[in-house]
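Accompanying notes for the structure given below.
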Amino acid sequence: MPTRTSQHRPASSSRPTSGRRQQNKQKTKQVILKVALDLFSRKGFYRTTTKEISRKAGIAEGTLFNYFRTKEDLAMYFMEDQIAGLIAWFQGEKPLQRASLAEQLFAIIHRHLERVGPYEEFVGAVYLRMLQPVSKLNPLSLDTQALSLRYLRFIRDLLAVAEEREEIPHMGDIGAYIFALFHMAIITYWLYDQSKGKENTLALLDRSLKVAVSILRKGGWNW
């Protein structure tokens, strides 16, 4: 009696794999972010609507909500994208990795300011939202803290290398937190800086880092 053998059909090549779907999702999110940032820079964060973002991105508003439920989610993704880009940039700068700690930290913040420069109004709006206790952008929210951890570990690793080179004494995790607060303070100053090319911000950044590293190296205020 003939037996019926099961036939295994190969998976359709037209069906996207999990990796392909993830790539497509990230590509769509990048398109939405680019469109949103353009609108934010021209119309402002609060005056831009999700309907305008979705229309310019060429997707339905309902589809937009599948990626970003609110403009705060867009802002969170922007911050995540900035941190990832900053870390990737530093990892590709081999000469900078051999530079002094003060030069490294200056370059990191300077690079960040260059990247967010075209979106100053948007960044200012995000910082105002961070002050609201119920906002997911608030530094105490779990969403923001999870995002901050990647940046804090990145800075902690830089400080650890500087400790091995005996540029600074051992600081542990606290050093990363201190620099993160300093980074936020510089951005706040930058937002209010009216000098040409934000030169006052760069001067403050340069001087502050040199003084701080000098103090740490000598272990006191007698520098």
ask   = Between segment 51-111 and segment 163-183, what's the alpha-carbon centroid distance in Å?
value = 24
query = How long is the gain from residue 42 to residue 100 if the chain were fully straight, where each residue apart is worth 0.36 nm and the alpha carbon distance is subtracted?
reply = 17.0 nm
inquiry  = Taking 25 Å as the cut-off for C-alpha to C-alpha distance, list the pairs among 94/210; 27/196; 34/136; 25/94 that go past it.
reply    = 27/196; 25/94
task = Multiply the residue separation of residue 49 and residue 173 by 0.36 nm, subtract the distance between their alpha-carbon atoms, and state the gained length in nm to one decimal.
result = 40.6 nm
request  = Note down the Stokes-Einstein diffusion coefficient of segment 70-218 in µm²/s, whole number, using a Kirkwood radius over alpha carbon pairs, 10 °C, and 1.306 mPa s.
outcome  = 98
task = Along Cα→Cβ, 7 Å out, is where each label goes; now give me the distance between the ones at residue 211 and residue 21 in nm to one decimal.
result = 5.5
ask   = For the chain, what is the mean residue ellipticity at 222 nm derived from helices alone (per DSSP H run of n ≥ 4: -39500 (n - 2.57); sum divided by total residues; nearest 500 deg cm²/dmol)?
value = -23500 deg cm²/dmol
inquiry  = Give me the base-10 log of I(q)/I(0) for segment 113-158 at each q in 0.17, 0.23, 0.24, 0.31 Å⁻¹, Debye formula, one uniform scatterer per Cα, rounded to two decimals.
reply    = -0.62, -0.90, -0.92, -0.96
task = Note down the magnitude of the dipole of segment 70-223 about its Cα centre, charges +1 on Lys and Arg C-beta and -1 on Asp and Glu C-beta and zero elsewhere, to the nearest 20 debye.
result = 240
message = Rounded to two decimal places and with Rh computed the Kirkwood way over Cα pairs, what is Rg over Rh for segment 22-69?
response = 0.96
key: Calculated FRET value between residue 34 and residue 134, using beta carbons and R₀ = 22 Å, to 0.05   = 0.20
ask   = So what are the radius of gyration and Dmax for the Cα set of segment 57-108, in Å?
value = 16.9, 49
key: Cβ-based charge dipole, segment 95-171, positive-most Cα from 97, 108, 125   = 125
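Computed from the coordinates by the stated procedures, all read-outs in this text should not be read as laboratory data. Keep in mind that this is a model prediction, so the values were computed, not measured. So basically every Cβ, Gly included, is an ideal-geometry build from the backbone, and we count neighbours across all protein chains shown.
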